[in-house]
Amino acid sequence: SLLDSSSHGFRTMVDTGTTFTFLPSLVVMELVAQLEQHCASGGGCPPRKSVRGENCWAADVEAAASMRLPPVDLSLDNGALTLRLLPAQYMYFFDGSTYCVALLADSSAVIGSNVLLGLDVAFDLG
């Protein structure tokens, strides 16, 4: 699955102090559509569950593991950089029985700490 930020024409900021990742709604809708397609094609997904308008599934840890969610590639800088996101980076547990997408819709684009998990990040300010 490829989410291409360059086709939506937005600039992206990296912020280690932001918990989740915020992307334009078109990109988030594209991801949710890909996840729904995965679930519809035998992904072993539990029923959808709405929590505060977020995209979630009624799943505990065991049910979430059975969803077998695919990695998602997020393309930045006109394809010069691609981040491969694993489910642990783009999903989170809202509570013990609700598994939600951790890429949230916003008018700006901020890569938060959920995507940076497991990465070594160097900020070049000069």
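The values are calculated or read from the model by the stated rules, or taken from the named source; none is laboratory data. Just so we're clear, the structure is a prediction, and the values are computed from it rather than from any experiment. FYI the Cβ positions are ideal-geometry reconstructions off the backbone, even for glycines, and counts take in every protein chain you see. Protein only, heavy atoms only, side chains kept; ligands, DNA and RNA dropped before computing areas. Shrake-Rupley method; radii C 1.70, N 1.55, O 1.52, S 1.80 Å.
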Q. How would 107, 25 rank on accessible area, largest to smallest, probe 1.4 Å?
A. 107, 25
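Leaving out ligands and nucleic acids, note down the accessible area per residue over the chain with a 1.4 angstrom probe, in whole Å².
55
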**Q.** In nm, spacing of pseudo-spin labels at residue 18 and residue 107 (7 Å Cα→C-beta vector)
**A.** 1.4
Q: Rank these residues by their accessible area, most exposed first, probe 1.4 Å: 106, 73, 124.
A: 124, 106, 73
Q: Please give the peptides 82-91, 31-40, 112-121 ranked by average Cβ packing (other Cβ atoms within 10 Å per residue), highest first, as a rough proxy for protection.
A: 82-91, 31-40, 112-121
Q: Using only the alpha-carbon atoms of the chain, report the extent along each of the three principal axes, biggest first, to the nearest angstrom.
A: 47, 27, 24
Q) Over the heavy atoms of residue 13, what accessible area does a 1.4 Å probe trace out, to the nearest 10 Å²? A) 100
Q: For every other residue with a beta carbon closer than 11 angstrom to the beta carbon of residue 43, add +1 if it is Lys or Arg and -1 if Asp or Glu, then tell me the sum.
A: 0
Q) Ranked by accessible surface with a 1.4 Å probe, highest first, in what order do 93, 22 come? A) 93, 22
Q.
Please give me, ordered by residue number, the trypsin sites (Lys or Arg not before Pro) of the range 8-74 that lie in loop per DSSP and have at most 13 other Cβ atoms within 10 Å.
A. 11, 52, 68
Q) Efficiency by 1/(1 + (r/R0)^6): what FRET value for residue 25 and residue 84, r their Cβ-Cβ distance, R0 = 25 Å, to the nearest 0.05? A) 0.65
Q. So what is the relative contact order of the range 57-106, in percent, for Cα pairs below 8 Å that sit 6 or more residues apart?
A. 38
Q) How many nm separate the modelled label positions at residue 124 and residue 77, each set 7 Å beyond the Cα in the direction of the Cβ? A) 0.7
